[in-house]
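Working notes, structure below.
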Amino acid sequence: MGKINTVSSDFNVNDDCISCGICSKVCPAKNITMENNKPVFHNDCESCLACIQHCPRQAINYKDKTQNRRRYTHPEVGAKKLMGYYK
Ligand code: SF4
Ligand code: SF4
């Protein structure tokens with residue numbers, strides 16, 4: 001399977017964002033920074049989708065592909081645990 005080349009412009013964040021910063025903290029690639037209280041995506045994405053899955057407001061989407069899709073997280077690996085790994 002080929003690598004998915006995900007770039008910053010593939011992500012969009014809607015107005016439901018509450019500026020919690022979780023997306024930035026769960027990203028293993030440090031690909032998301034908070035600027036003016038909003039997440040900004042860069043071009044070092046590893047396509048893990050943790051940001052999309054762990055956003056508490058489901059505010060992050062990949063292109064137009066995820067808007068009406070459920071989010072999935074591991075029952076024993078919540079955002080807090082991930083944030084601990086990547087700090
Ligand atoms: S996790 Fe969601 S609500 Fe929190 S800053 Fe990121 S996009 Fe906004
Ligand atoms: S998909 Fe994964 S690597 Fe890419 S920005 Fe989101 S959390 Fe970071």
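Nothing in this text is a laboratory measurement; each read-out follows from the coordinates by a stated rule. Remember, predicted model here, so these are calculated numbers, not experimental data. Cβ sites come from the backbone with ideal geometry, for glycine too, and all protein chains shown count toward neighbours.
Rounded to the nearest 500, the 222 nm mean residue ellipticity of the chain from helices alone is -4500 deg cm²/dmol, with -39,500 (n - 2.57) taken per DSSP H run of at least 4 residues. Give me the distance in nm between label points sitting 7 Å out from Cα along the Cα-to-Cβ direction at V40 and N14, one decimal. Each label point is offset 7 Å from its Cα along the Cβ direction, giving 2.4 nm.
Beyond 19 Å, what share of the Cα-Cα pairs of segment 8-86 is found? Please give it as a whole percent. Provide the component values of the computation, followed by the final result.
Details: 858 of 3081 pairs.
Percentage above 19 Å: 28.
Please work out the FRET efficiency for the pair T33 and K80, using the Cβ-Cβ distance as r and a Förster radius of 22 Å; give the result to the nearest 0.05. For T33 and K80, the calculated efficiency is 0.60. Taking trypsin sites (Lys or Arg not before Pro) across segment 3-79, the ones in a DSSP loop with at most 12 further Cβ atoms lying within 10 angstrom of their Cβ are K3, K30, K63, K65, R69, R70. Residues whose amide H comes within less than 5 Å of that of F11, counting only those at least five positions distant or on another chain, are K63 (H built at 1.01 Å from N in the peptide plane).
If you filter the chain for GluC sites (Glu not before Pro), then keep DSSP loop positions with at most 15 other Cβ within 10 Å, what is left?
When the GluC sites (Glu not before Pro) of the chain are filtered for loop state and at most 15 Cβ neighbours within 10 Å, E46, E76 remain.
Taking 0.36 nm per residue of separation and subtracting the Cα-Cα distance, what length does fully extending N5 through R70 add?
Numbers: separation 65, 0.36 × 65 = 23.40 nm, distance 2.28 nm.
That works out to 21.1 nm of additional length.
Using a 4.7 Å Cβ-Cβ cutoff, the cysteines of the chain lacking any partner cysteine are C17, C20, C27, C45, C48, C55. The count of lysine pairs in the chain whose Cα atoms are under 21 Å apart, excluding pairs fewer than 8 places apart on the same chain, comes to 15.
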